[in-house]
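> Have a look at this one before I ask anything.
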Number of protein chains: 2
Amino acid sequence: MVTLSEVAKLAHVTAATVSNVLRNREKVHPDTAARVLKAIDELGYRPNLNARALAEGRSSTLALMLSNISNPFYPEFVLAAERAARKSGHFLMVCNTDDNAETGRAYLNQIAGTLADGVLVMNTDIAISDLYASAMHNAPILLAMWEHPESPPTLPCIAVDFARAGALAAHHLLELGHRDVGLLIGDGCGGLQDARSNGFRAAMLAAGIEADPTAALQIRDSIDAGYAACMRLMANRPELSAIFATNDLLAIGAVQALITLGHAVPDDVSVIGITDIQLAHQVHPALTTVAIQTAAVAELSIERLIGLIQTPEHEPSMVLGPLPELVVRASTGPRRKR
Amino acid sequence: MVTLSEVAKLAHVTAATVSNVLRNREKVHPDTAARVLKAIDELGYRPNLNARALAEGRSSTLALMLSNISNPFYPEFVLAAERAARKSGHFLMVCNTDDNAETGRAYLNQIAGTLADGVLVMNTDIAISDLYASAMHNAPILLAMWEHPESPPTLPCIAVDFARAGALAAHHLLELGHRDVGLLIGDGCGGLQDARSNGFRAAMLAAGIEADPTAALQIRDSIDAGYAACMRLMANRPELSAIFATNDLLAIGAVQALITLGHAVPDDVSVIGITDIQLAHQVHPALTTVAIQTAAVAELSIERLIGLIQTPEHEPSMVLGPLPELVVRASTGPRRKR
DNA sequence: TTGAAAGCGCTAACAC
DNA sequence: GTGTTAGCGCTTTCAA
C-alpha cells in the first residue's frame, strides 16, 4: 500500500504538504502541488480512509437499517439513498435486522459513531428508547418514513403523510362511485399501517360512508398475503366493488386474486394501493396507487442525516416529506352498474 | 467517546491488558479480566472500528458492487450476502454503479483495500482488466455469478451453470410435448444471458428441434420488456405453445402478456423462466422456473471472498456454485392438443 | 508556503 | 500476567 509519506518523499515535500494538496489546495504553491500530484499519480496513491477517519474523528459512511431488504419497497429506497450519499461523498452500509431487535441493537452498538457517522432507521422493530440512547451516546439517528406526522417521535425524523395518502385513495374511489370498499391493511416490517387505513376511513366517513369492520383484514405485508386475504374478502363480501390496500404489494396480490376469481379489474372490481413501487406500473393491469415519492424521501433523509452529523441538534425535529400523490393507472374504474 | 485507555484507567490496568481481554482472553488473569469487563460495562465502552482497522491493517467490511439494486434479483442476493457477512463478523457496503463503468472504477479506487477488505462484483459493466488491476493493487475481488463455467475469467469467481439451467428448462418443455417455443433473451445489467439461451437451444437441438431465429427476441431485463416482447412474439408466431425466458422477470411479463391476449397459462401457452426470484412463487399462476439457489450462491461468495482475504491466492480460481434445479409450478403444462 | 510534531484509538511485539 | 513501547496512515496545530 502506498502511503502519504511515500508520496511526500517522491515529491520532496513532507506529508503535511501532500495532505494540504489533497484538501485545501490554496495553501500550497502551484509548483509543489503539481509535483505532489505527479507523485500521487506515479505511485498510484489512494488515501487510507480508515486512517483519515481516525484522524478526523469522523468517517465517511452512513448506515441504513431496515428489517429485510427483500421487500421490494426497500431496494428503491436504498438505491436513491445510496446515490444521494455518494453524491455527497459518503458510502452506505446496509444493515438487515431480519425483524430482530437484538440484531438491530448489535448493529447500532458496533457501527454507530465508529464505522458510520449516522444511521438512517427504517424499521420499527427496535424500540425508540434504544435508538434514543444510541443517538445520545454514539451518532445521530434519523427515522426515515415516519408514518405519524401528528405525533413526532423523540428523535429527528422524516415524516410522510400517509393518512393523506389513504384519503387520496378514498377520494379517488368515491369519485368513481364506489361505496362498498374492502380494506387490506398491512402489518409488515414497517409496522401496522394504520395511519393509512385511518386516513382512508376518515375520508370515507366524511362522505357519509361508515366503515364496515367485516370488510377489513389486517395482514402481513406481501403479495401472497394480499392474494389470500382478497380471496377471503370476496368470499365473504361479494358485493364489494373496490379494494383499498395500504400498500402496493397487497394490492398486486388482490388484483391477481380477483383475476383468478374471474372478476375483471377494473370493470368488476377496482383496486388501489399506496407507495407506487416499481412493480406497480409493471403489472397488468397497471396499478392505480398513491405515490409517496420514495426516491425523494430517501434523498431528503440522507441530506437531513448529513445535516444532523454536521450540526447536531439537541431537539428532535420532524420534517415533512413530499406530499403523496394519486397516480391513476389501469386498476381502477367507475363502479359497475348492476 | 469512551476509549480503551479510559477503561484501562478505571480498571487500574493498561490499555494493552484491556485489548487482551477483548481478544485473546486466556492470557489475562480472571480477576483482572472481570475488573476490566466491569469497567467496560460501566463506561459503555465500544471499540473504535476505524482505529482497530488501522492498527490491524485490515477492516471488517466487505463491499458488494452491482449495477442497480432495484432489479428484484439483487435484493435477495444482498440479503443472503449480508447475513453471511454478519455471521462472520463483517459489514456489507452496497455499491450501485448505475450501469456506469466510471462509477464502478471510482468505488473500487476509493474503498478497495481501505474501507473494504474485499469486493464482490456482480455487474459486468466494469472491464475485467480494471477489476484485475484493482485486485492486484488493492484488495481481493471475487466475481459472483459468473455465467460461463466453461471459460474461467482471470479473476476468482463463483460460477453458476446457466447453460444447464437452460437445458433443464428445455427438457421440461420437451417432456410436456412442446415443440414450438419462443425465446425471450435478457440483456440487462448482468450482461447478455446467452449461456442460458445457448444451453436451452442445445438441449432442444439434441431432441431434434432446430432453433427458429424468428422466435427469439433479445431484450432488456424487466417485466415490461418481457411483456412487450411476448406481445410481439405471439403476434408474429401465434402457433407457439410455450415461452422460455432467460430470467423470471421476463417470464412474469410474458405471462401477463399472454393473459392480456386472452391465452390461458398454461392451458394455451406454457411459460418458464430462470432464477426463481421470490416474485416467481407470488404471481398467479405461480411461475415454473429453474432455481439457481441465489441465497446459497451468495453465502458461498461471501465465504470464498473471506477466504481470499485471509489467504490470498496468486492464481485465479473458479468454484462452481450449486447446480440449478427445476421448480415446477403452475405456469407450465402439457402442450394443448389442437 | 512548507515542515515538525503531536495525536486520533487501537494492536502487537517484547520486556518485565 | 501485565506493562512499555512503537507504530498503523492520516490530519492539524504551530513554528519556521
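The values are calculated or read from the model by the stated rules, or taken from the named source; none is laboratory data. Note that the structure is a prediction, hence the values are computed from the model and not measured. Glycine gets a Cβ as well: all are built from the backbone with ideal geometry, and neighbour counts include every protein chain shown. Ligands, DNA and RNA are excluded from the accessible area calculation, which covers all protein heavy atoms including side chains. Shrake-Rupley method; radii C 1.70, N 1.55, O 1.52, S 1.80 Å.
> Going by Cα centres, the stretch B:1-65 and the stretch B:286-319 are how many Å apart?
Computed from Cα coordinates, the inter-centre distance equals 33 Å.
> Follow-up question, since we're still on this one. Using Cα springs under 10 Å in a Gaussian network model of chain A, which residue among A:N109, A:N48, A:N24 shows the largest mean-square fluctuation?
Ranking A:N109, A:N48, A:N24 by mean-square fluctuation puts A:N24 first.
> Next question, about the same structure. Can you give the longest run of chain B that contains no GluC sites (Glu not before Pro) sitting in a DSSP loop with at most 16 other Cβ atoms inside 10 Å?
With a cap of 16 other Cβ atoms within 10 Å, the longest stretch comes to B:1-149.
> Quick one: dipole size for the stretch A:129-208, taken about the Cα centre, charges +1 on Lys/Arg Cβ and -1 on Asp/Glu Cβ, in debye to the nearest 20. Provide the component values of the computation, followed by the final result.
Working: 4 positive and 8 negative charges, 28 e Å.
About 140 debye.
> Given B:T214, A:L64, B:Q110, which one lies farthest toward the positive end of the charge dipole of the protein assembly as shown, if we put +1 on the Cβ of every Lys and Arg and -1 on the Cβ of every Asp and Glu?
B:Q110
> Evaluate the charge dipole of the protein assembly as shown about its Cα centre and quote only its size in Debye, nearest 20, assuming +1 on the Cβ of each Lys and Arg and -1 on the Cβ of each Asp and Glu.
360
> Using the basic label-point model (7 angstrom from Cα toward the beta carbon), what is the A:L261 to A:N100 distance in nanometres?
3.8
> Moving on. Per residue of the protein assembly as shown, what 222 nm ellipticity follows from adding -39500 (n - 2.57) for every DSSP H run with n ≥ 4, rounded to the nearest 500?
Details: 26 runs with 298 residues, N = 676.
Using -39500 (n - 2.57) per qualifying helix, the result is -13500 deg cm²/dmol.
> Give the residue from A:N24, A:A39, A:H12 lying farthest towards the positive end of the charge dipole for the stretch A:4-47; charges sit on Cβ (+1 for Lys and Arg, -1 for Asp and Glu) and the dipole is referred to the Cα centre.
A:N24
> Moving to a separate point now. Considering only A:T289, A:T61, A:T260, give the residue with the highest GNM mean-square fluctuation for chain A, with springs between Cα atoms whenever their separation is below 10 Å.
A:T260
> Which value, in debye to the nearest 20, gives the size of the charge dipole of chain A about its Cα centre, when Lys and Arg are +1 and Asp and Glu are -1 at the Cβ? Working shown, then result.
Details: 26 positive and 35 negative charges, 152 e Å.
Computed about the Cα centre, the dipole is about 740 debye.
> Next question. Would you kindly derive the ³J(HN,Hα) couplings of the stretch A:89-105 from the backbone phi angles with the Karplus curve 6.51 cos²θ - 1.76 cosθ + 1.60 (θ = phi - 60°), listing them in order in whole Hz, with x for Gly and Pro?
Rounded to whole hertz, the list is x, 10, 10, 10, 9, 9, 10, 8, 9, 6, 6, 10, 4, 5, 4, x, 5.
> Distance check, please: which entries in A:K9/B:K9; A:K87/B:K87; A:K27/A:K87; A:K9/B:K27 exceed 29 angstrom between their Cα atoms?
Beyond 29 Å between Cα atoms: A:K9/B:K9; A:K87/B:K87; A:K9/B:K27.
> Using the alpha carbon gyration tensor of the stretch B:4-47, what are the three equivalent-ellipsoid semi-axes (square root of 5 times each eigenvalue), largest first, in whole Å?
One finds semi-axes of 14, 10, 9 Å for the stretch B:4-47.
> Right, next: Given springs between every Cα pair under 10 Å in a Gaussian network model of chain A, which of A:M231, A:M145, A:M136 has the largest fluctuation?
Greatest mean-square fluctuation among the candidates belongs to A:M136.
> Something else now. What's the buried accessible area, both sides, between B and A using a 1.4 Å probe, rounded to 100 Å²?
Working: alone 15890 and 15870 Å², together 27300 Å².
By this definition, chains B and A bury close to 4500 Å².
> For the stretch B:1-128, what is the Kirkwood hydrodynamic radius in Å, using each pair of distinct C-alpha atoms?
Numbers: mean 1/r = 0.0588 Å⁻¹.
By the Kirkwood definition, the hydrodynamic radius is 17.0 Å.
> With the full set of protein chains in place, find how many percent of the accessible area of the protein assembly as shown is carbon and sulfur; take the probe as 1.4 Å.
That share works out to 54 percent.
> Also: Please give the helix A:223-236 orientation as an angle from the longest Cα principal axis of chain A, in degrees from 0 to 90, rounded to the nearest 10.
It works out to around 10 degrees.
> Given labels modelled 7 Å from the Cα in the Cβ direction, how far is it in nm from B:A55 to B:E26?
Between B:A55 and B:E26, the simple spin-label model gives 2.1 nm.
> Can you give me the distance in nm between label points at A:S151 and B:H12, each placed 7 Å from the Cα along the Cα-to-Cβ direction?
5.1
> Let me ask something else about it. Taking a ≥ b ≥ c as the square roots of the Cα gyration tensor eigenvalues, with a/c under 1.5 meaning rounded and otherwise prolate when a/b beats b/c, else oblate, which class fits the stretch A:188-336?
prolate
> Another question, then. List the chymotrypsin sites (Phe, Trp or Tyr not before Pro) within the stretch B:74-154 that fall in a DSSP loop (any state other than H, G, I, E or B) and whose Cβ has at most 13 other Cβ atoms within 10 Å. All intermediate terms of the calculation are to be shown ahead of the outcome.
On the way: sites: B:F77, B:F91, B:Y107, B:Y132, B:W146; in loops: none.
Hits after loop and neighbour filter: nothing returned.
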